[in-house]
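Working notes for the structure below.
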Amino acid sequence: MNVLEQTRTPLPDIFTEKDKKREMCSRPRRNLWRDTLRIPHFVSILSGFCATFAFENFFTIFIYTSISQGGLGFPVYITGTITSISTLMYMIASPFLIPCLRKQLGTRRALMLVVGVLPLLALLIPIAQSAATHGRMAVWLVLVIILPLKSFQQMGWPMNDHLNVSCFDRYPELLSTGSAITLIAACSGRAFGPSIAGWLFSIATEFDTRSLGRQISWLSLFVLVLPPVILAGRIPDNLLRECRDQVNRDGYERVPHSPNVVGTVH
C-alpha cells in the first residue's frame with residue numbers, strides 16, 4: 001500500500017480546486033443573522049425603526065374605537081380623513097425639516113428628539129380619552145396637538161433607514177441580511193401591531209373608566225416605545241461621518257470575495 005501511495009500520480013490542480021470548493025460548500029454556513037445583529041448600533045437603530053410604526057397602528061384603532069371603550073368614536077370616513085391629513089403633513093414637512101434637524105442637532109440628538117415624541121404621544125392618549133367625554137370640540141383641540149406630533153415622529157422612519165444602511169458600510173457582505181431583518185421587523189409590526197393594539201383595547205374595556213386596568217393600552221404603548229429613546233442615545237453623533245471616511249479609505253475592497261474579481265472600484 002505504501003508503494004502505491006508513493007507512485008500514485010497526483011491529481012491535477014483543477015480537480016484539487018474543485019474539491020476545495022465542494023468542501024467549502026459542504027461546510028455549515030456562518031450564522032448571518034447573529035453576525036448582523038452584532039453590528040455596532042444596528043439593534044439600536046432597528047428598535048427606533050420599529051417604534052415609528054407602533055403609534056401608527058395604535059392611532060388608527062384608537063380614533064375609531066367607541067368612546068365607551070376608550071377611543072374617540074369617530075366614524076370610518078373621518079378616521080380616514082384624519083390619517084390622510086397626518087400623512088400629508090408628513091409629506092410636506094419632512095423634506096425640509098429632516099435636513100434642518102440633522103444639520104442643527106446632529107444625527108444622535110435629532111433621532112432622540114424624533115423618537116422621543118413617541119412616549120409623549122402615549123401620555124396624550126388618556127388626555128384625549130378624557131376630552132372625548134366632553135364633546136367633539138375638546139377632542140379636536142387635543143387632535144390639533146397630536147397630529148403634528150404624530151407627523152413629526154414619522155420622520156424617524158427615513159432617519160432610521162439612512163442610519164441603518166450606514167451601519168453596513170464597513171460590513172457590505174451583511175447588507176442584504178440587514179435589509180431582510182429590517183423589512184421583516186417592519187412587516188411584522190404592521191401585521192401584528194393592529195391585532196395587539198385591538199387585543200389590549202379589548203382587555204382595557206373590561207375595567208371601569210377610571211381604573212388602572214382601563215389604562216393598559218396606552219401604558220403598554222409607553223413601555224414599548226421608551227427603550228428605543230434610550231437606545232438612540234447610544235448612537236454616536238459622527239456615525240455617518242465615520243462610515244463615510246472608512247469607505248473613502250478602503251474603497252469597496254471587502255465586497256468581492258471571489259478570486260475571479262480582477263479589480264476594485266474606488
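We did not get these values from a lab; they are worked out from the coordinates using the rules stated. All figures in this text were calculated on a predicted structure; none of them were measured in a lab. Cβ sites come from the backbone with ideal geometry, for glycine too, and all protein chains shown count toward neighbours.
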Treating each Cα of segment 39-246 as an identical point scatterer and ignoring solvent, apply the Debye formula and state log10 I(q)/I(0) at q = 0.12, 0.14, 0.19 Å⁻¹.
-> -0.64, -0.84, -1.35
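Show me the trypsin sites (Lys or Arg not before Pro) within segment 153-232 that DSSP assigns to loop and that have at most 14 other Cβ atoms within 10 Å of their Cβ. Could you put the intermediate results ahead of the total?
On the way: sites: R170, R190, R210, R214; in loops: R170, R210.
Answer in residue order: R210.
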Sequence order, segment 149-158: Karplus ³J(HN,Hα) from phi using 6.51 cos²θ - 1.76 cosθ + 1.60, θ = phi - 60°, Hz rounded, Gly and Pro as x, gives 5, 5, 5, 5, 5, 5, 5, x, 4, x
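Assign one of three labels to segment 180-232, namely rounded, prolate or oblate, based on the Cα gyration tensor with a ≥ b ≥ c the square roots of its eigenvalues; rounded applies when a/c is under 1.5, prolate when it is not and a/b is larger than b/c, and oblate otherwise.
Numbers: a/c = 6.22, a/b = 1.69, b/c = 3.68.
It is oblate, given that a/c is not under 1.5 and a/b is not larger than b/c.
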Relative contact order (percent) for segment 39-246, with alpha-carbon contacts under 8 angstrom and 6 or more residues of separation?
-> 39
Enumerate the calculated ³J(HN,Hα) couplings along segment 46-55 in order (Karplus 6.51 cos²θ - 1.76 cosθ + 1.60, θ = phi - 60°), each rounded to whole Hz, writing x wherever the residue is Gly or Pro.
-> 5, 5, x, 5, 5, 5, 5, 8, 5, 6
